[in-house]
Amino acid sequence: MMELWKMALMILTMAGVTYVIRMIPMVFFRRKIKSNFVQSLFFYIPYAVLSAMTFPFVLYSTGNFWTGLIGTVVALVASTCKRSLLTVAILSAVAVLIFGFII
Amino acid sequence: MNNESITTKTPVTSFKTGLKDGLPIGLGYLSVSIAFGVQATMAGIPIFMSVFISMTNLTSAGQLAGLTVIASLGTFLEIILTQLVINARYFLMGISLSQKADKSFSLSHRLMCSAFITDEIFAVASAKPNGFSRRYFYGLVILPYIGWALGTLIGAIAGSVLPLQVTNALGIGLYAMFIAIIIPPSITTRGIFPTVLFAGGISCALYYIPIFAGIPAGIAVIISSIISAVITALIFPVKKEEL
């Protein structure tokens, strides 16, 4: 783990970049983006980011590949059934917990 | 409330209405940030640092990416690039919100309010047909902000006191929530499923194929998401009315 001062500096860098992205259009940029391609890109990027951050890392998020796999399958099934975020998370974590005791 | 503002054509101005609209968002954030707090503790971040991240960033995916970069001893450049890509959507939201913000938003309040733009705040505020005042906006963001910080604290503490078997199970929580965000629209909206499939597929390829092993985790997320979003934006352009 890195030194605390460096960690704090990295966190502030994250916060600064995120703030500037939010602030520029609110303060300076009042025109709408007209390019359909750019609009489509902005529309898809959030889903792409979440998917890229989830796969394959969800499989290793529990410290054991097999419980991670079970939790992932439960989350996929529960979200296909359109359960809320919290319900999906709880079902998935409970499945991991129970399966963790079995294996 | 909505009917009234439509007939009078005035922006929503009440702080109390904002609070009321913000309450469900705050409760939702409480659970998501508990999951984030657990993650942060598992990644070795001290409790007060986890809360510091949430109080200064207020964004789930960006914070998790930042956590990954910090935990893997990444560079400042990696942090900047990941945040630029992952949080780029706030730019579009800011454009839309800046047109709905009424005259009460002076420069200093615009500077202040920008910090609180999130997906859910945007969704609620931009749905006000005649715009909103700064008092409404502050009312709207205060409970989500508190929920986000408080949940992180609870999660970070839980992550350090609960038995390992339980924290391991909670470790999947944030990822399960991400799955719950991307799967339902994948079923209903054209173009989202291929985006999710490509991004996840490329990310797996970068992770498992040995020649890509040197690519830092944050950069891998950027490569995967930009390639997949560009492909689907070209093949399935989104019509204006769908945005």
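Brief remarks follow.
Every residue, every condition in (1) among the basic types (K, R); (2) open to solvent by 60 Å² or more (accessible area, probe 1.4 Å); (3) part of a helix (DSSP H, G or I); (4) modelled with pLDDT under 95, yes or no:
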| site | (1), (2), (3), (4) |
| --- | --- |
| A:M2 | no, no, no, yes |
| A:L12 | no, yes, yes, no |
| A:V20 | no, yes, yes, no |
| A:R31 | yes, yes, no, yes |
| A:F37 | no, yes, yes, yes |
| A:F42 | no, no, yes, yes |
| A:G63 | no, yes, no, yes |
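- A single member of B:I157, B:I142, B:I202 is more than 13 Å from every other protein chain (Cβ to nearest Cβ), open to solvent by 30 Å² or more (accessible area, probe 1.4 Å), over 21 Å from the mean Cα position of the chain (by Cα) and of a type in the set (V, I, T), and it is B:I157.
- For the residues B:I183, B:I209, B:I154, B:I226, the requirement of being within 21 Å of B:I45 (Cα to Cα), aliphatic (A, V, I, L, M) and at pLDDT 90 or above singles out B:I154.
- Of the criteria (1) touching a helix residue (DSSP H, G or I) at 6+ places or on another chain (Cβ under 7 Å); (2) assigned to a loop (DSSP other than H, G, I, E, B), which one B:L73 fails: (1)
- The range B:113-134, subset in a loop (DSSP other than H, G, I, E, B) and free of Cβ contacts under 8 Å to residues at least 40 places away in the same chain, residue most open to solvent (accessible area, probe 1.4 Å): B:A127
- For B:L174, the criteria (1) surrounded by 23 or more Cβ atoms within 10 Å (Cβ to Cβ); (2) hydrophobic (A, V, I, L, M, F, W, C); (3) more than 8 Å from chain A (Cβ to nearest Cβ) hold in every case but one, which is (3).
- Qualifying residue in the range B:23-43 (condition: surrounded by fewer than 23 Cβ atoms within 10 Å (Cβ to Cβ), within 11 Å of chain A (Cβ to nearest Cβ) and outside any helix (DSSP H, G or I)): yes
The values are calculated or read from the model by the stated rules, or taken from the named source; none is laboratory data. Just so you know, these numbers come straight off a predicted model, no measurement behind them. Neighbour counts are summed over all protein chains in view; Cβ atoms, including those assigned to glycine, are modelled from backbone coordinates with ideal geometry. In case anyone asks, the SASA skips ligands and DNA or RNA and just uses the protein heavy atoms, side chains included. Shrake-Rupley method; radii C 1.70, N 1.55, O 1.52, S 1.80 Å.
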